1. Here's a check for you: in region 207-243, which residue that is of a type in the set (Phe, Trp, Tyr) and assigned to a strand (DSSP E or B) is surrounded by the most Cβ atoms within 10 Å (Cβ to Cβ)?
2. Starting from residues that are more than 19 Å from residue 237 (Cβ to Cβ), assigned to a strand (DSSP E or B) and among the small types (Gly, Ala, Ser), keep the ones in region 86-140 and report whichever is modelled with the highest pLDDT.
3. Could you check region 248-261 and list, in sequence order, the residues that are under 21 Å from residue 197 (Cβ atoms) and over 12 Å from the mean Cα position of the chain (by Cα)?
4. Keeping to region 244-301, report how many residues are open to solvent by 20 Å² or more (accessible area, probe 1.4 Å), out of contact with any helix residue (DSSP H, G or I) (no Cβ under 8 Å at 6 or more places or on another chain), farther than 25 Å from residue 186 by Cβ and in a loop (DSSP other than H, G, I, E, B).
5. Which of the following residues is touching a Pro at 6+ places or on another chain (Cβ under 8 Å) and touching a residue at least 60 places away in the same chain (Cβ under 8 Å): 224, 228?
6. Cβ-Cβ below 7 Å, separation at least six or inter-chain, first residue in region 277-303 and over 21 Å from residue 152 (Cα atoms), second of a type in the set (Gly, Ala, Ser): which pairs?
7. Quick one: residue 176 ticks every box in (1) under 19 Å from the mean Cα position of the chain (by Cα); (2) at pLDDT 90 or above except a single one, so which number is it?
8. For residues that are within 25 Å of residue 269 (Cα to Cα), open to solvent by 50 Å² or more (accessible area, probe 1.4 Å) and in a loop (DSSP other than H, G, I, E, B), tally how many sit in region 146-198.
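The values are calculated or read from the model by the stated rules, or taken from the named source; none is laboratory data. It should be emphasised that the depicted structure is a prediction, and the values quoted were computed from it without experimental measurement. Methodologically, a virtual Cβ is constructed for each residue, glycine included, from the backbone with ideal geometry; neighbour enumeration extends over all protein chains shown. Just the protein is used for accessible areas: all its heavy atoms, side chains included, with ligands, DNA and RNA removed. Shrake-Rupley method; radii C 1.70, N 1.55, O 1.52, S 1.80 Å.
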Amino acid sequence: MYDAENDITTQRDFNKLYTIDAGTYNIYVMEFDAIPLGVENITISENLPNGFFWRGIQIKNSLKMDDIGGKDTPPTIRGGGNSGSKQTAEDSNSWLGSGSGFFISRFGHIATNYHVVDGMTKFQVEYYQNGKKYTYPAKVISTDPSNDMAIIRIDHKDYSMIPEIPYKFATKTKEVGTDVFTLGYPLAFIMGEEIKYTRGEISAKSGFQGDIRTYQISVPITNGNSGGPLFDYDGNIVGITSSGLRKDIADNVNYAIKAIYLQTLIDACQENIELPTGIDLTGKSKPEIIKALQGFVVLIKVK
């Protein structure tokens, strides 16, 4: 309990009854282990006889979105002869963070997570086509914070349309046990900017606390994978990799937003985005599938 009048903080046992002087202003703070994700502050009030009331209890959620994922941020390293000082790693180029994304149109529209772009003012996308690296600035054109999705678009006069996009969107919910994989740029400031492949299965058709908008997946993901595509081996976009529980809570429990929710955001976008129809990858080997898809997955740097 915090006594605002006397600036005193004391710990109280909620199983006991206490008398509080009239006219004092007190704040009680309680912590609970399990509150639904996204609920961080709850106000509780009670009306008392003779017109009196109390209100203002703050309930702190111990498990927040920040705890189950996020964009990759540049590492810090100790300065050479200045013990204890920190500086940004040389290869970070002053960027504050990075994530993954993927093309959803030949005109430079790219899908990613909202939390990758949230609060950022400058965006740069990097991708490879036929062995050549392309780097362009981009801007945010549409967001869906409630579903953690965003659409950005390359914003540069020198950008020319990419080749035909080889994948298409899955129109139905995938079954548990479906083999899936992601391509992305986890920990790019540490692990390097070569695209990374990780694989697994759909573990459940619902995600954190039964959220039907997401799949639970066994595909290993980490910071920087956020916003990357989740594929099946027919070349379909199944979802967007978004988050995962910390390893001290559960090992390799990760989530991907279902593709249908991205389609809804695209439909609501002010700009006309024609979805890719894909190409037939049936019968292709795993390396052939990865090679066909990887040029359309981008590294997004933000600051």
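1. 215
2. If we take residues in region 86-140 being more than 19 Å from residue 237 (Cβ to Cβ), assigned to a strand (DSSP E or B) and among the small types (Gly, Ala, Ser), then 138 is modelled with the highest pLDDT.
3. 251, 252, 253, 259, listed by residue number.
4. 8
5. It is 224.
6. 281/235; 281/292; 289/235
7. It fails just one condition, (1).
8. Going through region 146-198 one residue at a time, the tally reaches 11.
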